[in-house]
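Notes follow once the structure below has been shown.
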Amino acid sequence: MEVHDNKMAISYYRRLRSWFNYSSNMKKEHDDYYDNHNNEIEDEGEDEIDGDYGGGGGEDLSLGSLEFDPCILTNKLRVFVGTWNVAGRSPIGSLAVDLEDWLNLKDAADVYVLGFQEIVPLKTLNVIGAEDQAVATRWNNLIAKTLNKTCELCSSCPNSTPFSISSCDNYYCYCNNNNNLSRDDSNGKRYRVSRENNNNRNEYALVASKKMVGVFVSVWMNKEVLRKWHVSNVRVCSVACGVMGYLGNKGSVAVSMSIEGTSFCFVAAHLASGEKKGDEGRRNHQVAEIFRRTCFGRTAAKDYEINHHHPLTILGHDRIFWFGDLNYRLYLEDNLARNLIRKKDWKGLHEFDQLQKELEEGGVFEGWKEGNIEFAPTYKYSSSISNRYCGGEIQSKSKSGEKQRTPAWCDRILWYGKGIEQLHYIRSEIKFSDHRPVSSLFTTHVEIDSSSSTLLQLHKIQPTFLHPTNHDVKEEDKDGNPTLLSLLTKDIQGY
């Protein structure tokens, strides 16, 4: 078989890494493994594997005998996704107790992705004025205090100190400053814990965060996950589609990243309000605009070789989560809706849900999934200290000016992609705003592609393999193909 140099460059490292991944167990599992992959190994190759790596007496293992696919391992990652409309209220210290309940730390996740809406009042000055990151920082400090019990609520918290990426005005990233985390360059392209620290097992670091007027997303990862796995290509994009279609009172902020060989996208959105007939059309249009206008650009031309495979659009990712105050309402009269709520007939109520219709009829969220809703509508409560919905039969007895709103599941979490399993989908009973927060815990598979990881840890390779002494390195096998040993030797020697 003729082996061309250009094909060799593509396949050599993948095959080489695959061979080493299995070499430690090859003696015990050799026959079963190759039988399953319908590969034929020459007797000389088996002798080479079973014996001394550098010993004589057999032909060197050649590339022609390594025709199996690159080794792709999978690991499970626990991802917590939460959304909460806080009705323009700033975080207070006493909220930490409620936040701990919402984040369900007794069943901790590896990744926490939190989306907020209306973290500032949607007044004209806040919508058209310059972005103020102070409120976002206060929320991040509170989250840090909740996730990391040892953190104090202060602006110097090591897990939530912000820095702005100069090459992208839309990008705000947060990095640990105590040398447990490091990034490769000024573009914040890669994150990995640089040294072993046993205290990292129960600590979280803020990987990315972005605010657009009142929409805010914050992504945290367990430091042990950051130490073990390669997290790269962290990008953020915001889309404003509110007033006149371009102001930020409504819209989305999205985070894109790769964890090993799997790309993730998290979209926090706040869509158009209203329960009049036709308002759902405005929400559908905004969803379509977010899909169309969200683009995760590359940082620099020099990074092309590194990140040219990273997706630029939402639907280009492997695992996608869309969450927020999506504002979809019920196709049902107010009194009928409240009657079903009193009966706790969530299934019956859900049949009139606008978003459910979109999912069933293949609208803007065609192919997306949502878990079973087995909790009461999350909107709209009469006050931040009440369990009573606005309006209804007792509206005339309540304070004047209270808005009439049919209760609805405005706060939702959707996902798209293979390898995602939802463990729970619940709401929390935090009386802080006219919405109740919603959360979902997922497990998802992360692919670890051996061809995309660091080439080799040479110090772990058998010395006799790297420096054969019993015989000369054979450049080619009997068919004229370069041998694996000769290629490895050339690579080590810098040929």
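So for Glu203, Glu370, fewest C-beta neighbours within 10 Å to most, what's the order?
So the ranking, lowest neighbour count to highest, is Glu370, Glu203.
Output the peptides 414-422, 208-216 sorted from most to least packed, where packing is the average of other Cβ atoms within 10 Å over each peptide's residues.
208-216, 414-422
If r is the Cβ-Cβ distance from Lys123 to Tyr246 and R0 is 25 Å, what FRET efficiency results, to the nearest 0.05?
0.90
Rank the residues Ser382, Ser252 as a footprinting-exposure proxy: fewest other Cβ atoms within 10 Å of their Cβ go first.
Values: Ser382 20, Ser252 30.
Neighbour counts put them in this order, fewest first: Ser382, Ser252.
Under a 5 Å amide H to amide H cut-off, with H placed in plane at 1.01 Å, what residues pair with Gly324 once short-range neighbours are removed?
For Gly324, the qualifying residues are Ala269, Arg412.
Could you sort the peptides 78-86, 347-355 by per-residue average Cβ neighbour count (10 Å cutoff), highest mean leading? Show your work: numbers first, answer last.
On the way: 78-86: 24.8, 347-355: 18.1.
Top of the packing list down: 78-86, 347-355.
With r defined as the distance between the Cβ atoms of Lys431 and Lys228 and R0 fixed at 30 Å, what FRET efficiency is calculated, to the nearest 0.05?
Computed FRET efficiency for Lys431 and Lys228 comes out at 0.15.
Return Cys237, Cys410, Cys390 ranked ascending by Cβ neighbour count within 10 Å, so the fewest neighbours appear first.
Ranking Cys237, Cys410, Cys390 by Cβ neighbours within 10 Å, fewest first, gives Cys390, Cys237, Cys410.
All of the numbers you see were taken from the coordinates with simple rules; none came from a lab. Not measured: the values here are computed from a predicted model. Here the Cβ is made from the backbone with ideal geometry for all residues, glycine too, and neighbour counts use every protein chain on show.
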